[in-house]
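Worksheet: one structure, shown below.
Each value in this text was obtained by applying a stated rule to the coordinates, not by laboratory testing. Source: prediction; values computed, not measured. Virtual Cβ from ideal backbone geometry, glycine too; neighbours counted across all protein chains shown.
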Amino acid sequence: MQKQKILEFCETKFTQLGFWDISLDHLAKELRISKKTFYKYFDSKDEIIQNVVESVTTKIADAVQDIVKSDGTSPEKLYRLIEFISRRFISISEKWLNDLSIHYPHLWANLEDFRENMINKNLTELIIQGQNEGYIKEYPVNLIMAIYLSSIRGVANPKFIMNNNMSIEKAGTSVLTIITSGILTRKGNKVFKNYLSENKNE
């Protein structure tokens, strides 16, 4: 129980503020525990960071799977997916991403692999569903996926964010929204916009 509490605290702290400038002493003080307690559950700060990355990716994967496997049309699921990513990115700071990419390139590489695999698997499923429903245009699925992945890879990284003075949340959701509106058929866009309107009024 205490290990989970420590991990949840570190996850919130690191994803909001980064981790490079935060010492174990500082974390222990905020948690009101000793460093000895930290080392009871984690061998090092490196292990905590790795656990945080694993926790973040697991939560994202579970949430995306829930959306994709739920009832509803493909435009509705795409809207919910964009909404989820928007909410999730708001809680992740550029400092966290920057610290990972600079100081833990192997974890950053793992995160990028996870992102691409997750997007590829789940969006492919949604695109096929949408084409079967007549809501998504009959472009080759692998072409649509290549456009999604290359676009997200191009903007959802610290270098683009810093050079363009844009939040990770705005960059990620804008890419998804632009591409999604382009692949939806006329009736698909109508369903998407109706669902958007209904949910904005709630």
The stretch 23-142: relative contact order as a whole-number percent, Cα under 8 Å and 6+ apart | 27 percent
Just rank 31, 97, fewest to most, by other beta-carbon atoms within 10 angstrom.
-> 31, 97
Counting helices only, and only those DSSP H runs with n ≥ 4, report the 222 nm mean residue ellipticity of the chain as the sum of -39,500 (n - 2.57) divided by its residues, in deg cm²/dmol to the nearest 500.
-> -26500 deg cm²/dmol
Calculate the length of the line joining the C-alpha centroid of the stretch 1-53 to that of the stretch 71-96, in whole Å.
-> 27 Å
Enumerate the amide H contacts of residue 136 below 5 Å, restricted to partners 5 or more residues apart or on another chain; note that Pro and chain-start residues carry no placed amide H.
-> 131, 185
Too-long pairs where the Cα-Cα distance tops 22 Å, listed order kept, from 5/121; 77/170; 95/121; 45/170; 77/187 | 5/121; 95/121; 45/170
